[in-house]
1. State the number of residues belonging to segment A:161-188 that are more than 7 Å from chain B (Cβ to nearest Cβ) and in contact with a Gly (Cβ under 8 Å, 6 or more places away or on another chain).
2. Where in segment C:1-120 are there helices (runs of 4 or more DSSP H), lying wholly inside it, with at least 3 residues that are closer than 22 Å to C:ARG239 by Cβ?
3. For segment D:57-84, what are the residues that are touching a Pro at 6+ places or on another chain (Cβ under 6 Å) and loosely packed, with under 14 Cβ neighbours inside 10 Å?
4. Considering only residues that are over 20 Å from A:ILE170 (Cα atoms) and out of contact with any strand residue (DSSP E or B) (no Cβ under 8 Å at 6 or more places or on another chain), which ones fall in segment A:195-215?
5. Hey, among A:SER190, A:SER258, A:SER235, which residue is within 22 Å of B:ALA244 (Cβ to Cβ), polar (S, T, N, Q) and open to solvent by 10 Å² or more (accessible area, probe 1.4 Å)?
6. Can D:PRO145 be described as under 24 Å from D:ASN21 (Cα atoms), in contact with a strand residue (DSSP E or B) (Cβ under 8 Å, 6 or more places away or on another chain) and in contact (Cβ under 8 Å) with a residue 40 or more places away in the chain?
7. Taking the conditions exactly as written (without any contact (Cβ under 8 Å) to a residue 24 or more places away in the chain and either over 20 Å from A:SER87 (Cβ atoms) or not assigned by TED's automatic domain parsing to the domain that holds A:PHE106 (or both)), does A:ASN40 satisfy them or not?
8. Determine whether C:ALA264 is out of contact with any Gly (no Cβ under 6 Å at 6 or more places or on another chain) and closer than 20 Å to D:ALA261 by Cα.
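The values are calculated or read from the model by the stated rules, or taken from the named source; none is laboratory data. All of these numbers come straight from a predicted model, not from anything done at the bench. Heads up, the Cβs are rebuilt from the backbone with ideal geometry, glycines too, and the neighbour counts pull from every protein chain shown. Keep in mind that these areas ignore ligands, DNA and RNA; they rest on the heavy atoms of the full protein, side chains included. Shrake-Rupley method; radii C 1.70, N 1.55, O 1.52, S 1.80 Å.
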4 protein chains.
Amino acid sequence: MQIGLVGLGKMGGNMRERLRNAGHEVVGYDTNPELSDVKNLVELADRLAAPRVVWVMVPAGAVTQSVIDQLTSVLKPGDTVIDGGNSRWTDDEKHAEELGKHGIRFVDAGVSGGVWGLQNGYALMVGGEKEHVDPLKPIFDALKPEGPYGYVHAGKVGAGHFAKMVHNGIEYAMMQAYAEGWELLEKVDSVTDVREVFRSWQEGTVIRSWLLDLAVHALDADEHLQKLRGYAEDSGEGRWTVEAAIDNAVPLPAITASLFARFASRQEDSPQMKMVAALRNQFGGHAVEAAEK
Amino acid sequence: MQIGLVGLGKMGGNMRERLRNAGHEVVGYDTNPELSDVKNLVELADRLAAPRVVWVMVPAGAVTQSVIDQLTSVLKPGDTVIDGGNSRWTDDEKHAEELGKHGIRFVDAGVSGGVWGLQNGYALMVGGEKEHVDPLKPIFDALKPEGPYGYVHAGKVGAGHFAKMVHNGIEYAMMQAYAEGWELLEKVDSVTDVREVFRSWQEGTVIRSWLLDLAVHALDADEHLQKLRGYAEDSGEGRWTVEAAIDNAVPLPAITASLFARFASRQEDSPQMKMVAALRNQFGGHAVEAAEK
Amino acid sequence: MQIGLVGLGKMGGNMRERLRNAGHEVVGYDTNPELSDVKNLVELADRLAAPRVVWVMVPAGAVTQSVIDQLTSVLKPGDTVIDGGNSRWTDDEKHAEELGKHGIRFVDAGVSGGVWGLQNGYALMVGGEKEHVDPLKPIFDALKPEGPYGYVHAGKVGAGHFAKMVHNGIEYAMMQAYAEGWELLEKVDSVTDVREVFRSWQEGTVIRSWLLDLAVHALDADEHLQKLRGYAEDSGEGRWTVEAAIDNAVPLPAITASLFARFASRQEDSPQMKMVAALRNQFGGHAVEAAEK
Amino acid sequence: MQIGLVGLGKMGGNMRERLRNAGHEVVGYDTNPELSDVKNLVELADRLAAPRVVWVMVPAGAVTQSVIDQLTSVLKPGDTVIDGGNSRWTDDEKHAEELGKHGIRFVDAGVSGGVWGLQNGYALMVGGEKEHVDPLKPIFDALKPEGPYGYVHAGKVGAGHFAKMVHNGIEYAMMQAYAEGWELLEKVDSVTDVREVFRSWQEGTVIRSWLLDLAVHALDADEHLQKLRGYAEDSGEGRWTVEAAIDNAVPLPAITASLFARFASRQEDSPQMKMVAALRNQFGGHAVEAAEK
């Protein structure tokens, strides 16, 4: 099958390779001419036979919006745009509507797999009309892992990104779970080999998982993680998961705790704990520590 | 190798079978004569050649204490007691001291595997002196899963149960993570097939795990879990994990949130939310709901 | 001073009374003709001398938007609209812009005080340009409590509602704090008179507050709150506080926990705890409870 | 009335003064001879007429235990020991039993008031048998604030310290509530005067309280708390509150979040966030930050 692919960065570049390995014809476009197969989106559209399929794999938000705007003018009725980036699910309906006015179909695809996807396949969570999604099956089959899992048509437009967002929310809390357990084990004297405890858990336990395997890799490289700072970014999906939970009055205590732990990890000093310290000093005369200059 | 096994319930019975399948000679004792190989602990000790090894697999707390007390009088210097139950790690040091006064060795073993252990092997986390643990290796090898994982000598006396306790704490938060994500997906309209979303996650995703596989099994049996009440017991290790964290000033927000969610799940009505409702009514005249009769 | 007041419900009606008691001339409008001083907003505008001041005190969201739309056409350049409802701070900038196109000034006012405001005064948090806010001082002075506190010009347009929103977020966590403590005291046998414990705290303690006084009132009416269901609504500001925190990467663990406790209090059965129960059953054979028919 | 007072530090010294101001005869003992009225506990007992009352106001744990051990030998049947320190409620029953063997009565008193107690009075939460507590009323009346509040006989032995412990748990969450709100207000640009917002809240709002007054004092001294480090100790009662909640299966999400925030505030770098950073790097190639040397 023929497909256009916009965005050839770490993810998009590997996806082009995996699609080509599966025998598909990929026309890639990137603003970096060294990565790009074509000069611009007009040429990309010209190189594809109708009905065209174009996979957008660029940063969520303004960049995705701009690419979709441009595709609105270069694509034709009956063509399909797939947004495979980390877009917020609330953007999908807007994009579907904008493209729909020009007769262009829209499908959203949440993609998991990170740096391991080229080799193992990408898990795909897809949203859109059944008649829009079904013709894309050969593309999804090439990208997904082998075997019965790793692909789902989750529901209407937006459902793919929504499912991927929840996946990431769960991921936040699972990482936090291992991290909390690791810190506690490292803290006590009686446990003398925390890395080997983690390694042993990889079989026969209730908590075995791919993330646990990765934790062992990380500990093998740096047994007490002394080289790292306890500083974690968050990439949008965790925040959106909590916002979706608030919209739907669903309590998410563990996922939210994981998000807040990341926020706190990025603060040099905690403003709120300054206030707690100040209050303790006010009522109890408890000592405070001076801020560092 | 020869071993005595006290407690032949769901766990102990399967462990006897797995040990015998591996060629070990197991003398089992249980208060239920239909399960027991011997009449009492005296006979159990008589049937074992010195130095004896006795694995205790009975409920933590009073029952374990009672068995260890009895073993103190029937065993001899140089013999070894292994506590494989779900004892609190703080009990281990006491047991080691009591038995040590009689020259009897003590080793603690945290055991994971549940109903799947007979077939897949039990993950073992062991605490004790190296010269006490090493001679027991053939027993541990028979119980553990095949392959390089599933066994660790975690540290001093108590370290085995401590590691198992933290394992369970992590387990609580991982289960909570999937549960929160599942509830959110079930709540929104755009995602029309939550079970298939979970199934798809089993390959290629960051959150693939054995627990996720079990979640899919559960959803296959009851797609929306309509047959179940949202009611979850907790079995000690989760509480002890939080207590250990408090003792060590380690923040465990996700694990603790998971424990509290279980507490709340068992309340018919929430006393604290009665107070919140009462306060809202007091200052804002907000409506309250009457308790059901 | 002369002022128009749109919305004469529980809050607006009392505010009209308090303003009149202070000697101001209030022209009130409400869709309920029995409450209203005028037939419509045109008449309201006619009855006021330029430059007019109109205080809007109607439900946030669509109703407030509609009133502001209508005021855009009946007011004149130099007039001022004050939104005293519970609007989201993000709406304020939009309203200021819309009205500003017609030369009409916009000021937002967060109002606290509930059913006690008529008697004690309303705490006011105001946002807007200094030259728009200053001429309104006589109105604010009449509404606010006597004494040096209860009024602040918090900052630019939106700052009033933002400050009020944070006030409510803090309120959620304070209520939750008392509620958690109360439940724990009620649970233990050794404390035989929890109501008297709460009553005693009203002087000399670190936790004395108006909310504590209200808690004692509530316990005096119903010592163990047996007449109430543990069910608490939330009214928007708590959710917006958490959303604002997420936008600003500020961790709010206690406020968010309080919001989630309210969400959970409204669930007949907890979907997420069904999943936890299902998982425990899968790996450990733990008993589950059937959902009630 | 006559009373012995052991421990004349910040709290005990002020209590001696307040008791003497009320006309009571206080014999104080402290290991610091400059503060002490007597040379030792034997002399203290000699100076008091039977039945003696001795108030112990020393650090909880080993020091309190040691003083109670010594009092066991110098006091006589019918005498009363009051433990007014911050003892864990679980110690009270032990102390009551030890003293009871010698016919000595035991009463526990949780004391709140900090540095303000000398002037405003101390809130007292008392546990013990009614016939042991009632004769002490003149002492309690002298220490408590004027007016109807500030004293409660909460229940059996231990109930006083339990009630005080819960008071402190609530205090943790209230401080956290204000602190979270303050950080959020400080973070946004539209609110230009956070200190004045806090000041305004002191009247007419739902969240007015003594702690809020103290927050304003603190902000008056240091508007943005720039001189302080965001570092907060915890003093035992917060931890015990969470442990009591776990023992009683009571969910305390806000209080526990407040305790954990303090733990985190004291960490130079967060071990658990190192693990989260390591995992993000493993699966996504996300950048990590190097630990500082």
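1. Counting residues in segment A:161-188 that are more than 7 Å from chain B (Cβ to nearest Cβ) and in contact with a Gly (Cβ under 8 Å, 6 or more places away or on another chain) gives 5.
2. Values: elements: C:10-21, C:41-47, C:62-74, C:89-100, C:117-120.
Hits in segment C:1-120: C:62-74, C:89-100.
3. So in segment D:57-84, the residues touching a Pro at 6+ places or on another chain (Cβ under 6 Å) come out as D:78-79.
The one that is touching a Pro at 6+ places or on another chain (Cβ under 6 Å) and loosely packed, with under 14 Cβ neighbours inside 10 Å: D:GLY78.
4. Passing the criteria: A:ARG195, A:PHE198.
5. Working: A:SER258 fails: open to solvent by 10 Å² or more (accessible area, probe 1.4 Å); A:SER235 fails: within 22 Å of B:ALA244 (Cβ to Cβ).
The match here is A:SER190.
6. Numbers: under 24 Å from D:ASN21 (Cα atoms): yes; in contact with a strand residue (DSSP E or B) (Cβ under 8 Å, 6 or more places away or on another chain): yes; in contact (Cβ under 8 Å) with a residue 40 or more places away in the chain: no.
Against the criterion (under 24 Å from D:ASN21 (Cα atoms), in contact with a strand residue (DSSP E or B) (Cβ under 8 Å, 6 or more places away or on another chain) and in contact (Cβ under 8 Å) with a residue 40 or more places away in the chain), D:PRO145 does not qualify.
7. Details: without any contact (Cβ under 8 Å) to a residue 24 or more places away in the chain: yes; either over 20 Å from A:SER87 (Cβ atoms) or not assigned by TED's automatic domain parsing to the domain that holds A:PHE106 (or both): yes.
Yes; evaluated as a whole, the condition is true for this residue.
8. Numbers: out of contact with any Gly (no Cβ under 6 Å at 6 or more places or on another chain): yes; closer than 20 Å to D:ALA261 by Cα: no.
No, not satisfied.
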